[in-house]
Each structure stands twice: as C-alpha cells, then as structure tokens.
Amino acid sequence: MLSEPRLRELLKPFRPGLSSAEASQVRLYLELLLRWNQKINLTAIHDPETCVTRHFGESLFLATQADLRGNLLDIGSGAGFPGLALRIAFPDLAVTLLEPVAKKRAFLKEAARVCEFSNIAVRPDRLEEFAPTAPNIFDTATSRAVGKLDRLVPLAGRCLRPSGHLFLWLTLAQAASLQSLRCILRWHAPLPIPRSASGVILPGDREEARPQQ
C-alpha cells in the first residue's frame, strides 16, 4: 500500500494540502478498490499510483475549483468517481450515486461503510428513469466518462435546482462540442485537469426560471 507521504506527493497537483483525515480515507478507499478489482471489473487501471492520480486526483481536483454544498447527484458512478471521492473533500455533502450494475453498487456501499461516509444513497436507476422522479432537488450533479451526453445533459439539468451546478469530466473536444448544445444550462470555460493532455471539467449552471410576463 502507498505510504501517506507518497500519496500526498501524487495528489499535490490535484489536491494540495490534503488533510490527514482525507489521506486516510483515500488510502482505505484505494485498498478496497484494488482488492475488489481483482474479482470484478471496476477499473482498467491496476497500478496503485496511476489509480491515485487518474481516479482520486482527477475527481478531487474539483475541490480546488468549487465549494460543493447540499446534495450531489453522481450519474453512472461506477467505482465512485467522481461522486463518492468528492465526499472525501466535502464531508457534509449528501451524495446520491446512480449505478445500474449490481456488483458495482455492492462495492459503492462497502466503500461508504469502510470509509465511514454518512448520507450516501446508492440507487440502481438509470438517469432516464430517475430524472422524472427528482425534478429540481439537487444542488450539484456530476458525471465522468459517461456517453450519450446529448441525452444526459438535459436530464441532469432537470434534476438541478435553479442555479444548481453540473460538472462533467470530458475531453476538450467533447467540451467544445457540448457547449453548442442548447439546453437549460449556461456553460462556463472548461477547467484543464492537471497532468492531462486533453482532460477537462466542464462546468454548467442551470438557468434561473424566468418570471411569467
């Protein structure tokens, strides 16, 4: 297992000033992820150091760019990135993880238990099923490496409160294409992810409802 000093070194470009509590939770999460990954396909990355930078680092980078509060919806959570990893940086955040694959849901529940995360809901729904049941209730939504963005974005926007935030982990080319999509979101400049050739986080805000004339 990686030592805490090495973990801090790896995460410094993404999450400088990592606290001891955060480092402990990352190490617990990483150990569990690598152990479960031997049995079920959670990630194609098996090297611990690469796993730290690619998964934990790229997720936690958002904590240097935004202050997340309230409740967060993570779409297509997989092994918990970015949604569950962000709970490390924001301990008061209530997180709902959408993951249709049962084995991955079992991992997410175990990771939340081992890391002692509270206010975590793991749901089997796909976004198409979930969005109509949860309009205008989330402060933030996130998604990483999920396809069909032209369908995902409008549905995710419906789940957000007015002025709620959507953050998407994309390539720069995907972000440029998506910014032309007309929807209820106002896009901002992509945030380049450290040590990534083309990876960015694309932020968007749900437009305030306009009063009827």
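The values are calculated or read from the model by the stated rules, or taken from the named source; none is laboratory data. Since the model is a prediction, treat every value here as computed from it, not as a measurement. All Cβ positions, glycine included, derive from the backbone under ideal geometry; neighbour counts span all protein chains shown.
Would you confirm whether or not the range 59-69 contains a residue that is modelled with pLDDT of 95 or more and farther than 29 Å from residue 159 by Cβ? No - not one qualifying residue is present in the range 59-69.
Counting the residues of the range 69-82 that are within 18 Å of residue 134 (Cβ to Cβ) and buried (at least 20 other Cβ atoms within 10 Å of the Cβ) gives 6. Which pairs turn up if I take residues in the range 120-132 that are of a type in the set (Lys, Arg) and look for partners that are buried (at least 17 other Cβ atoms within 10 Å of the Cβ) with beta carbon separation below 6 Å, at least 6 apart in sequence or on another chain? Partner pairs satisfying both residue conditions: 123/98. Look at the range 167-181: where a residue is surrounded by 13 or more Cβ atoms within 10 Å (Cβ to Cβ) and a partner is of a type in the set (Phe, Trp, Tyr), sitting 6+ places away or on another chain with Cβ atoms under 8 Å, you get 178/187; 179/187. In the range 80-118, how many are within 14 Å of residue 28 (Cβ to Cβ) and in contact with a Phe, Trp or Tyr (Cβ under 8 Å, 6 or more places away or on another chain)? Number satisfying all stated conditions: 10.
Matching residues to (1) within 19 Å of residue 104 (Cβ to Cβ); (2) among the small types (Gly, Ala, Ser); (3) without any contact (Cβ under 8 Å) to a residue 40 or more places away in the chain:
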site	(1), (2), (3)
12	no, no, yes
20	no, yes, yes
24	no, yes, yes
27	no, no, yes
41	yes, no, yes
51	yes, no, yes
57	no, yes, no
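Looking across the range 3-24, the residues that are farther than 21 Å from residue 193 by Cβ and either touching a Pro at 6+ places or on another chain (Cβ under 6 Å) or of a type in the set (S, T, N, Q) (or both) come down to 3, 19, 20, 24.
Residues in the range 101-154 that are modelled with pLDDT of 95 or more, surrounded by 19 or more Cβ atoms within 10 Å (Cβ to Cβ) and closer than 18 Å to residue 207 by Cβ: 131, 138, 140, 141.
Entry remark, the range 83-100: residues being surrounded by fewer than 24 Cβ atoms within 10 Å (Cβ to Cβ) and either in a loop (DSSP other than H, G, I, E, B) or among the acidic types (Asp, Glu) (or both) number 5 in total. Working only within the range 16-50, note down all residues that are acidic (Asp, Glu) and in a loop (DSSP other than H, G, I, E, B). Matches in the range 16-50: 47 only.
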